[in-house]
Amino acid sequence: MSRALVLGGGGPVGIAWEAGLLAGLAEAGIHAAEADFIMGTSAGSVVGALLAMGRPPEDLARPILAEAEKPRPIPAQVAEERPGAPNMMVLFQKMQEAASGLRDPQEVRREIGEFSLSSHTIEEAAFIAGFGRQLAEAGEGSWPGNNYACTAVDCETGEFVVWTAASGVPLSRAVASSCSVPGVFPPITLNGRKYMDGGMRSGTNADLAKGHDKTLLIALRLGAGEFAERMMEPVRREMAVLQDAGGAVELIVPDDASAEAFGGNLMNPRHRPAAAKAGLAQGRRIACSLRDFWS
């Protein structure tokens, strides 16, 4: 039996929630990191890489929970009212347009790439360095196990790419490209080209797990009403791809307590401890119902 773990995007707050959720599951014996294939998009690329490198989920969640005692400063590039900030409604509108299927999604992603390339952000080197000691320790020539993969999009062509060990690219740059939210963070250079967040195709890209017997799909569902429904449409289509191929899929989205803990800005690190705590509680609560699925 082959198992896949798919981790979706959600900014620094999403990283915290996923770390807490996985730690809660692990406490009850549900070890998602034992998957044969670990794939992450944006925030999920960070969590997935660390899991594939052998970091226990509780080790990921613990320092985030400790931030409650000493809140992290809000970086200037993610402040909600920062000078020179681009109009992020452009990005949200384009993402909805791509998800709708009314236009060629790759062409819409190319337009998003233009927005990314023209936005004023921090320097690329500074952004890559900010991914922390854990990824840096992997070394430029290292790639995690568990068939780890992460996603990105070519800014100039809108082409979707999947970084794996066979890609021959540095892990730190691959993960940075997957997390490069247009207008917030800089595009990342790989093999002479510029790449942005893999979430510009889909927040989860779960169809990449096609062919596995079981897929544990962790996705952030944001907002409410029509917007939330539209943004979840790609996830439902991807689940159908997996199921039509004969695979079983278990979807986990934030419960009400987790959604409340996120606050209004997933890029705001001040919400990370509450998100991790809510994720931990949710993981503990749902572990029993997942035991038969993951075993």
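The values are calculated or read from the model by the stated rules, or taken from the named source; none is laboratory data. Since we're looking at a predicted model, the values are computed, not measured. Reconstructed Cβ throughout: ideal geometry from the backbone, glycine too, with neighbour counts over all protein chains shown. Just the protein is used for accessible areas: all its heavy atoms, side chains included, with ligands, DNA and RNA removed. Shrake-Rupley method; radii C 1.70, N 1.55, O 1.52, S 1.80 Å.
Things to note:
- Number of residues in region 150-199 that are under 17 Å from the mean Cα position of the chain (by Cα) and in a helix (DSSP H, G or I) equals 10.
- Complete set of residues in region 244-278 that are small (Gly, Ala, Ser), at negative phi and open to solvent by 30 Å² or more (accessible area, probe 1.4 Å): ALA245, ALA248, ALA257, ALA259, GLY264, ALA274
- Near pairs, Cβ below 7 angstrom, 6+ apart or cross-chain, from region 189-211 (closer than 21 Å to GLU123 by Cβ) to any residue that is outside any loop (DSSP other than H, G, I, E, B) and basic (Lys, Arg): LEU190/ARG173
- Of the residues screened, GLY113 is one that is surrounded by 20 or more Cβ atoms within 10 Å (Cβ to Cβ) and at pLDDT 95 or above.
- Qualifying residue in region 208-223 (condition: in a helix (DSSP H, G or I), among the charged types (D, E, K, R) and surrounded by 19 or more Cβ atoms within 10 Å (Cβ to Cβ)): no
- For first residues located in region 111-125 and polar (S, T, N, Q), partners that are not in a loop (DSSP other than H, G, I, E, B) and lie 6+ apart or on another chain with Cβ distances below 8 Å form the pairs SER116/LYS194; SER116/MET196; THR121/GLN77; THR121/PHE127.
- In region 160-174, the residues that are modelled with pLDDT of 95 or more form Cβ pairs under 9 Å with partners that are basic (Lys, Arg), at six or more places apart or across chains, as follows: PHE160/ARG109; PHE160/ARG201; TRP163/ARG173.
Every residue, every condition in (1) under 23 Å from LEU171 (Cβ atoms); (2) at pLDDT 95 or above; (3) touching a Lys or Arg at 6+ places or on another chain (Cβ under 9 Å), yes or no:
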{"site": "ARG3", "(1), (2), (3)": "yes, yes, yes"}
{"site": "LEU22", "(1), (2), (3)": "yes, yes, no"}
{"site": "LEU25", "(1), (2), (3)": "no, yes, yes"}
{"site": "ILE30", "(1), (2), (3)": "no, yes, yes"}
{"site": "ALA35", "(1), (2), (3)": "yes, yes, yes"}
{"site": "GLY44", "(1), (2), (3)": "yes, yes, no"}
{"site": "GLY48", "(1), (2), (3)": "yes, yes, no"}
{"site": "ALA79", "(1), (2), (3)": "no, no, no"}
